[in-house]
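Data block below; observations after.
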Amino acid sequence: MIDVEIRQRLGNFRLDIGFSGGAGVTALFGPSGSGKSSVIKVIAGLTRLETGRIVLDGTVLADGNGRHTPPHRRRIGVVFQEARLFPHLSVRHNLRYGRLFTPGGERRIAEGPVIDTLGIGHLLDRHPATLSGGEQQRVAIGRALLASPRLLLMDEPLASLDAARRLEILPLIETLRDEFAIPIVYVSHAVEEVARLAGKVVVLEAGRVAREGSPADVFRVAADRFEVVSVVDGRLGAPDGAFQLTPVETPAGTIWLNGVVRPEGRPVRVLVHATDVALATRRPEGVTIRTVLAGTVADIPDGQGPSVTVDVALDGGGRLAAAVTRAAVADLGLTPGRPIFALVKSVALDERPL
Amino acid sequence: MIDVEIRQRLGNFRLDIGFSGGAGVTALFGPSGSGKSSVIKVIAGLTRLETGRIVLDGTVLADGNGRHTPPHRRRIGVVFQEARLFPHLSVRHNLRYGRLFTPGGERRIAEGPVIDTLGIGHLLDRHPATLSGGEQQRVAIGRALLASPRLLLMDEPLASLDAARRLEILPLIETLRDEFAIPIVYVSHAVEEVARLAGKVVVLEAGRVAREGSPADVFRVAADRFEVVSVVDGRLGAPDGAFQLTPVETPAGTIWLNGVVRPEGRPVRVLVHATDVALATRRPEGVTIRTVLAGTVADIPDGQGPSVTVDVALDGGGRLAAAVTRAAVADLGLTPGRPIFALVKSVALDERPL
Amino acid sequence: MPDLSPDAWTAIALSFKVAAMATLWGVPVSTVLALILARGRFPGKALFDGIIHLPLVLPPVVTGYALLLLLGRKGPLGAFLDQHFGIVFAFRWTGAVVAAVVMSLPIIVRAIRLSIEAVDARLEQASGTLGAGPIATFFLVTLPLSLPGILVGATLGFAKALGEFGATITFVSNIPGETRTIASAIYTASQSPEGDAEALALSVIAACIGLAALVASEIIARWFRRTSS
Amino acid sequence: MPDLSPDAWTAIALSFKVAAMATLWGVPVSTVLALILARGRFPGKALFDGIIHLPLVLPPVVTGYALLLLLGRKGPLGAFLDQHFGIVFAFRWTGAVVAAVVMSLPIIVRAIRLSIEAVDARLEQASGTLGAGPIATFFLVTLPLSLPGILVGATLGFAKALGEFGATITFVSNIPGETRTIASAIYTASQSPEGDAEALALSVIAACIGLAALVASEIIARWFRRTSS
Amino acid sequence: ADQIRIFAAASVAPSLQKIADTYKTGKDVEVQITPAASGALAKQIEAGAPADVFISADLKWMTYVVDKGLMKDGSTFNLLGNSLVLVAAKDDKVAVDFADKASLPAVLGEERLAVGEAKSVPAGAYAEAALKSLGLYDTVSPRFAPAENVRVALQMVARGEAKLGIVYGTDAAAEPGVAVVATFPETSHEPIVYPIGLTKDAGQAAADFVAYLKGPEADAVFTAAGFTKPAE
Ligand SMILES: Nc1ncnc2c1ncn2[C@@H]1O[C@H](COP(=O)(O)OP(=O)(O)OP(=O)(O)O)[C@@H](O)[C@H]1O
Ligand SMILES: Nc1ncnc2c1ncn2[C@@H]1O[C@H](COP(=O)(O)OP(=O)(O)OP(=O)(O)O)[C@@H](O)[C@H]1O
Ligand code: MOO
Ligand SMILES: [Mg+2]
Ligand SMILES: [Mg+2]
């Protein structure tokens, strides 16, 4: 549990922010210069809090009145926006640095798996200066994790990595979140990452909290249609081994996941980009789209642009956003209350549910 | 015209690369540590070439035999992976730095529009140390541009920016490419950026060129299905003002673009992610998907995974990749030679054509 | 202020002039030397470096004597400068400046070199890609970023010039009004049993001047740090 | 090797010992002082800084007198150390070490301070977030990254200790075998015309030792730079 | 072995060393000579320096230590004397007549006159006094080049940096690069003396050595170096 309340001046920039994050990942989202890194620095104790309070698990780390636990006593790990590796130490010693100061009993995170997942095993004897940008960033992630922090702050940790590498590292962060129960504050510009990882999203704009809530709530009203993502709850069915697909059963229909995911019966969350959803007035046939969910049109916001995000109430509960053109809305004569089928390109779903 | 041939050792890493880039954008694509930044450094003259040659517009800048034009005589602009701003200069003076060394007649790029597009007008009197990560990166882009270089090397210039900001800056790069005819070598992990900007993509893997060609060719066979992108050529039709859509006429059918794009009759390229394409055996009805292209199944690669990238030969020429599940291929009984309809969610297309 | 002889006041004024000139000359010369040592690669560099350090390694009188042999009117370099440029150092306050510069050179050069070597080479590379040649890069990037070292060099040089005595008196003697600096005055005063009070008074004044220079340099340094962050 | 008197060889050995000890003591002391000056904020800091610089500003003889008055067997501190710890500096080679340390302090402190201030504060912050307290951060991050300055400080300190003369001869005199360093030996030799050759030979030897120290420090510096890049 | 620790003015030290080397042979004594400026030695003795014998280059520093009660009562006396001479570079054929007040300034012209620094170098103080009594001080003192020690003054003359120099006869005799142009009349300055004395720490060995310094063997060495018998 982290409670954050910050009122601070940085030159002309004013930070006036309050939010709280529970277990799991709290995402800080917002445009460049909105104050995300500044919040990270205050939570870590690297900037002295002017007014407000930072409370972690019931302990006040800082208030505006002189209380200020120094960073090294907070046991809050930070992955900085720039890697900030120690140039005089090898990768190995960078990674082990935090262990020196972690009480024996708290060293919960093992080196081997972290190094493997980050793909930095072949770099251990090198010095940071010769690493590529992405390699540095991966070592920085490893360094923060291996200090087994009580809270992890990550500032765009995957920004300089390729898609494949990113997909490899995300499960590691999920493991920290789930198995090690480390709460994480996560800054990112990538909606998919945030939607996938975060239980809560805090959207900053010009130093203030513009919106806040679950990814489903926050991204359903995002300004950019590419950022609109819905979350649908369901339960894993028996995988189809031959075609390597796994069904997720929901009251509105079956969602097909790429890949075999187990165990059967596990509740899962499925992310659906609004731009991956099409709407049809009857159940389509002869189409490669396999996931078809039944529901009714709940809301069609007014708008000027070419597209509109239609809000669909799924049968049996849950919401799904579909980004469609206003032309199509007119063509099909969509109106609130009308029964509708939502077509989801299953291949665009993510393999690893939350 | 840039001709690059590099054989170089960096510790244990071997770079052995050759490619050439014409006018327009040549993208360097590849996983972390594959050698992209190293190539940039050699072209800029910051690393001395061991063996090979760098030829820009017919002038040999470096060969392995002692010829080495120093960086400042190359007039090659670089946006580094880290911003590398001058800490002792204000943003304004960082931006103007290159102008000092640009001969009067070569100062082709005006300050005002660049500053506006990058959204850094309010930062001019600040020093780099107080800028946010994204702000620094934007200033670095501006600094390189305003030196009016003969060739521009950009190393993940938009990595630390939010989607909205990225969409604002991309047209600036397009302007450089088209109006100022500055050739650009562009490193990025973002398929969309690369596909949108680049005339040519060079994929690096472990210091070697793994694939090379037009975005359409290269991304059609990408390992990760999210990276598979097709390029379809067409011609702009008359926009539909009411719904703010613009048709792109192709022999295989009409592609609907979001937004009003002019002038009518202009040839354009449209990017289609394979994951945005569904296939149907008959022309669907009552669906919000408006773009339907006719063609025949050209190839269905064998594979083990859940999904497969089906190659569709569009009527009248052109190719389109569709990522579908193998289950759907079996269900619909798709086989090479079979006529097919490709459904493209128009809303997932990019508004600004190449 | 203690009751000082007019001679003492003359010595103070002269010391000030010598120290200021020594700093003004010493810093640019040292900057060039520091740059050569930091970046240059040439045979005999170690020897060159060693020669710059000699005044530290040898007793000051030896350095002064060497200067006398070299730059005295009859010395090879001294005669040359006298004949072709009319520059004479022997028994002139300018010679005291030379002695102070030579004596403080190793200190100033090292300070500046340290700062130059600490400048992030990647910034100099960035400057190159923006079209700046090595000289422009040096003046626009390396030099401003080496300012802390240059400032330290200037402070140390000024202080050392105030305190320099052995080389100065040997090279240019101890002529009141011309080459008698505070340091020489203090030394001479301390060599007679009655001179203690005057030696002490002059020492206090020298210390105050040194402290003032130090404070000034700290203020400049702080101001510099503030503008660049 | 020139034909030197046994006395001269004794002086060389002694100088070596004094310079080595002065470096060994001077560097850690200077590091602590540099850290205090670089990071500390306390009233009277400017004065404290000024006192450290005094030996540069004052003629060495004055510093030597001050040491004699303070640390001589009858001096307040000297008497105290003698009575309570049995430590005597007066007219011992250890006193020559003290003189060398005091004289080189301003130079070493500035060099190290320059390097400490050049350390990227963001790395120290990173260290803090990994659980390292200020002291651990100092030893694991600040100090290793200040190594260039420490090395420069050590070199300058060693060189200065070789050349120091005025303060040493004034504080601990010029006793053969005990406090007659190379610098004092050069002075002694130069008192008679027959001594000129020996003075020159000793100067050359001092220069060679200084050069050797310099080359050694460059090698260490290069090795250090290589491992960290 | 007995140790005799001598704090000696630097200019006396070389001769003293020769005498000590002879004195030691066949005896079980060590002679340790510590040369430095007289003033520094005096203050060091005051600070408790390990000295048995003090030889000063002038009277005032001996008076200083005696006044402080650091010397054995009645142990001090003037060991040596010296003469004050005007020197020029060896090849510089000049002549100066002190009787003619215009002679020295004329020879000097715009050139420099190297002297010891009056306050710190005894030879300088004597030179100042001598020139004053000869009525030459006001005319030539602006041309002074005061040196920190006599050796440097000699070198200035030998190297031609200074036209003339005023040094001790002993210095002139030892430096082959210079020639004596004129000797100052003994009446023109206080007698030049090198007082010697035993400190309160001194033992019998030191007293024996001081006695030996008065003897003929020592005298031969001192005379060879150019020292004279002290005026009483
Ligand atoms: N010392 C300062 N003086 C003035 N403005 C400052 C200072 N420090 C930070 N700012 C401003 O505060 C704003 C927030 O900075 P911050 O680094 O928190 O942004 P961010 O959300 O992390 O952005 P990005 O995504 O670009 O990294 C920026 O506009 C920055 O320019
Ligand atoms: N001096 C060196 N010694 C050893 N290996 C080196 C050296 N310099 C670079 N490398 C290696 O060369 C490879 C290519 O580095 P480069 O910076 O070009 O990668 P990149 O493609 O830009 O990666 P990223 O996307 O992570 O920035 C990396 O694996 C790096 O570790
Ligand atoms: O020789 Mo010094 O240390 O510069 O006084
Ligand atoms: Mg940031
Ligand atoms: Mg890179």
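The values are calculated or read from the model by the stated rules, or taken from the named source; none is laboratory data. What you are looking at is a predicted structure, and each value in this text was computed from that prediction instead of being measured. Methodologically, a virtual Cβ is constructed for each residue, glycine included, from the backbone with ideal geometry; neighbour enumeration extends over all protein chains shown. Calculation scope for accessible area: heavy atoms of the full protein, side chains included, ligands and nucleic acids excluded. Shrake-Rupley method; radii C 1.70, N 1.55, O 1.52, S 1.80 Å.
Sorting B:Arg14, C:Arg225 by solvent-accessible area of protein heavy atoms yields B:Arg14, C:Arg225, largest first, with a 1.4 Å probe. In chain A, taking the dipole from charged Cβ atoms about the Cα centre, the farthest positive-side position among A:Ile169, A:Val260, A:Val344 is held by A:Ile169.
Pairs of alpha-carbon atoms within less than 8 angstrom and 6+ residues apart define the contacts here; what relative contact order does chain E have, in percent? Contact order relative to length: 30 percent.
Across chain C, C-alpha contacts under 8 Å between residues 6 or more apart give a mean separation that, scaled by the residue count, equals a relative contact order of 30 percent.
The amide H of A:Val78, built 1.01 Å from its N in the peptide plane, has A:Leu153 as neighbours under 5 Å, considering only residues 5 or more places off or on other chains.
Other chains' Cβ within 10 Å of D:136-142 residues: what's the mean? That works out to 3 on average.
For the cross-link pairs D:Lys17/E:Lys72; E:Lys60/E:Lys200; E:Lys132/E:Lys214; C:Lys17/E:Lys43; E:Lys60/E:Lys214, the ones whose C-alpha atoms lie over 26 Å apart are D:Lys17/E:Lys72; E:Lys132/E:Lys214; C:Lys17/E:Lys43.
Peptide B:77-90 is shielded by partner chain Cβ atoms: per residue, an average of 5 of them sit within 10 Å of its Cβ. Just checking the listed ones, A:Gly45, A:Gly207, A:Gly133: in the Gaussian network model of chain A with Cα springs under 10 Å, the one fluctuating most is A:Gly133. Considering only B:Pro183, B:Pro70, B:Pro301, the Gaussian network model of chain B with Cα springs below 10 Å gives its largest mean-square fluctuation to B:Pro301. The packing ranking of peptides A:106-118, E:139-151, highest mean first, is E:139-151, A:106-118, where packing means the average number of other beta carbon atoms within 10 angstrom of each residue.
Buried on complex formation within region B:181-214 (loss of at least 40 square angstrom of accessible surface versus the isolated chain, 1.4 Å probe, ligands and nucleic acids ignored): B:His189.
The modelled label-to-label distance for the pair A:Glu249/A:Thr69, using points 7 Å beyond Cα in the direction of Cβ, is 4.6 nm.
Calculated FRET efficiency, E:Asp91 to C:Ala212, Cβ-Cβ distance, R0 = 41 Å: about 0.25 to the nearest 0.05.
For chain B, adding -39500 (n - 2.57) for each run of n ≥ 4 DSSP H residues and dividing by the number of residues yields -6000 deg cm²/dmol at 222 nm.
Over chain D, dividing the summed -39,500 (n - 2.57) contributions of all DSSP H runs of at least 4 residues by the number of residues returns a 222 nm mean residue ellipticity of -25000 deg cm²/dmol. The alpha carbon gyration tensor of region B:229-348 gives principal lengths a ≥ b ≥ c with a/c of 1.5 or higher and a/b greater than b/c, which makes the shape prolate. Test of understanding: extend the Cα→C-beta vector of B:Ala242 to 7 Å, then name every residue of region A:320-334 with backbone N under 15 Å from that spot. From region A:320-334, the list is A:326-334. The loop-placed GluC sites (Glu not before Pro) in region B:128-185, going by DSSP, that have at most 14 neighbouring Cβ atoms within 10 Å of their Cβ come out as B:Glu179. Each residue of region E:69-78 was assigned a 3J(HN,Hα) from its phi angle through the Karplus curve 6.51 cos²θ - 1.76 cosθ + 1.60 (θ = phi - 60°); the sequence is x, 9, 10, 5, 4, x, 8, 8, 7, 8 Hz, with glycine and proline shown as x. Indicate the gyration tensor shape class of region D:2-120 (rounded, prolate or oblate), computed on the Cα atoms with a ≥ b ≥ c the square roots of the eigenvalues: a/c under 1.5 is rounded; otherwise a/b larger than b/c is prolate and the rest oblate. Oblate.
If R0 equals 22 Å, the separation of the Cβ atoms of E:Tyr137 and C:Ala197 corresponds to a calculated FRET efficiency of about 0.30. The calculated FRET efficiency for B:Arg107 paired with B:Ala23, based on their beta-carbon distance and R0 = 22 Å, is about 0.60.
Remark: chain A carries 36 Å² of accessible area per residue (probe radius 1.4 Å; ligands, DNA and RNA excluded).
If you add up the charges near D:Leu14, with Lys and Arg at +1 and Asp and Glu at -1, over every other residue whose beta carbon is less than 12 angstrom from its beta carbon, what do you get? Local net charge: +1.
Close amide H pairs (under 5 Å, H built 1.01 Å from N) link E:Val31 with E:Ile4, residues at least 5 positions away or on another chain. Mean-square fluctuations from a GNM of chain D, with a 10 angstrom spring cutoff on Cα atoms, peak among D:Glu218, D:Glu164, D:Glu194 at D:Glu194. Applied to region B:70-82, the Karplus parametrisation 6.51 cos²θ - 1.76 cosθ + 1.60 on θ = phi - 60° returns per-residue 3J(HN,Hα) values of x, x, 6, 9, 8, 6, 10, x, 10, 9, 7, 4, 9 Hz, with x for Gly and Pro.
What angle do you read, to the nearest 10 degrees and between 0 and 90, between the alpha-carbon axis of helix B:133-145 and the longest principal axis of chain B? The angle comes out at about 70 degrees. Between the C-alpha center of region C:161-202 and that of region E:162-204 there is a gap of 23 Å. Residues in region B:3-17 carry Karplus couplings, in order, of 10, 10, 9, 10, 10, 8, 10, 10, x, 7, 8, 10, 9, 9, 9 Hz; the curve used is 6.51 cos²θ - 1.76 cosθ + 1.60 with θ = phi - 60°, and Gly or Pro positions show x. Amide hydrogen proximity for A:Glu205: with H placed 1.01 Å from N in the peptide plane, the residues at 5 or more positions away or on another chain lying under 5 Å are A:Ala210. Between the helical axis of C:45-57 and the dominant principal axis of chain C, each derived from Cα atoms, what acute angle in degrees is found, rounded to the nearest 10? Helix C:45-57 sits at roughly 30 degrees to that axis. Surface composition of the protein assembly as shown: carbon and sulfur atoms hold 56% of the protein heavy-atom accessible area at a 1.4 Å probe. Of E:Val210, E:Val140, E:Ala127, which is farthest along the charge dipole of chain E in the positive direction, counting Lys and Arg as +1 and Asp and Glu as -1 at C-beta? Comparing the listed Cα positions along the dipole, E:Val140 ranks first. The modelled label-to-label distance between B:Asp57 and D:Phe224, using points 7 Å beyond Cα along the C-beta direction, is 4.6 nm. Given axes a ≥ b ≥ c from the Cα gyration tensor, I'd like to know whether chain C is rounded (a/c under 1.5), prolate (a/b larger than b/c) or oblate. Oblate, since a/c reaches 1.5 and b/c is not below a/b.
Projecting the Cα positions of C:Phe165, C:Ile150, C:Leu202 onto the charge dipole of region C:89-229 (unit charges on Cβ atoms of Lys, Arg, Asp and Glu, taken about the Cα centre) puts C:Ile150 furthest along the positive direction.
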